[in-house]
Amino acid sequence: MNRIAHQLARIHRLSVADYRRMGELGILAAELRTELIDGEIIELPPIGQPYAGSAALIADRLREAVERSAVVALHEPVRLDEHSEPRPDITLLHPGIDGARVGRAEGADVLLLIEVADGSLRYDREVKLPRYARAGIPEVWLVDLGGRRLTIHRRPGPLGYADVMTPSGLGAVPLPLAGLQTADLSGLF
């Protein structure tokens, strides 16, 4: 956009309330996979393999590991602020979140977000992770299917996550819960 047009242009960012209302009214087709990032609607690619199988495996293993000490949600939106409601692949929520609230979770409800990257690694790492950190999401796992690697991001802040680590094995990945609970993700790669 040239300088004059930029000075005259008025940018309108959608709020989460606007975005949800568009979905309720059918403006955004139900089968269209979207998320709201900084007031912009982002269309997500269709779910394919091996992504779908990997996300399902991780969610199943988390459910086994946490039993009733947390709620596991798959592909449910999380409201980060007034203008962002991404749709992480897997969300580990505080216990006691009822079914009606799972699809309306907010950042304070989250223990852990997991993004499974199969072609979306750069978007997940450069767009979503910084927003998760600014929103105070305590822990994010980035599963890089192509690179066959899991990175764990902890200690969020305005500039990103202060601690980033790659576990040496996937047999007992520590979960951000009271106690020493772990998830067995062996066989993921």
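Within the stretch 82-102, the set of residues being surrounded by fewer than 17 Cβ atoms within 10 Å (Cβ to Cβ) and touching a residue at least 60 places away in the same chain (Cβ under 8 Å) comprises just one member, GLU82. Of all residues in the stretch 141-166, exactly one satisfies the criterion of being acidic (Asp, Glu) and loosely packed, with under 13 Cβ neighbours inside 10 Å, namely ASP163.
Looking only at the stretch 118-140, filter to residues that are hydrophobic (A, V, I, L, M, F, W, C) and crowded, with 22+ Cβ neighbours inside 10 Å; which one of those is nearest to PRO156 (Cα to Cα)?
Here is the first cut: in the stretch 118-140, the ones hydrophobic (A, V, I, L, M, F, W, C) are 121, 127, 129, 133, 135, 137, 140.
Applying the additional criterion that residues be crowded, with 22+ Cβ neighbours inside 10 Å yields 129, 137, 140.
Values: LEU129: 10, ILE137: 7, VAL140: 9 Å.
Ranking the qualifying residues of the stretch 118-140, first place goes to ILE137.
Scanning the stretch 157-166 for residues that are in contact (Cβ under 8 Å) with a residue 24 or more places away in the chain and small (Gly, Ala, Ser) returns GLY157, GLY160.
Kindly indicate whether any position in the stretch 52-65 is in a loop (DSSP other than H, G, I, E, B) and either at pLDDT below 95 or surrounded by 15 or more Cβ atoms within 10 Å (Cβ to Cβ) (or both).
Of the stretch 52-65, the ones in a loop (DSSP other than H, G, I, E, B) are none.
Checked the stretch 52-65: no residue is in a loop (DSSP other than H, G, I, E, B) and either at pLDDT below 95 or surrounded by 15 or more Cβ atoms within 10 Å (Cβ to Cβ) (or both).
For the stretch 45-72, residues that are of a type in the set (A, V, I, L, M) and touching a residue at least 60 places away in the same chain (Cβ under 8 Å) total 7.
The set of residues from the stretch 167-184 being hydrophobic (A, V, I, L, M, F, W, C), surrounded by 15 or more Cβ atoms within 10 Å (Cβ to Cβ), over 21 Å from ARG125 (Cα atoms) and touching a residue at least 60 places away in the same chain (Cβ under 8 Å) comprises LEU177, ALA183.
The values are calculated or read from the model by the stated rules, or taken from the named source; none is laboratory data. If you're wondering where the values come from, they're calculated on a predicted model, not measured in any experiment. Cβ sites come from the backbone with ideal geometry, for glycine too, and all protein chains shown count toward neighbours.
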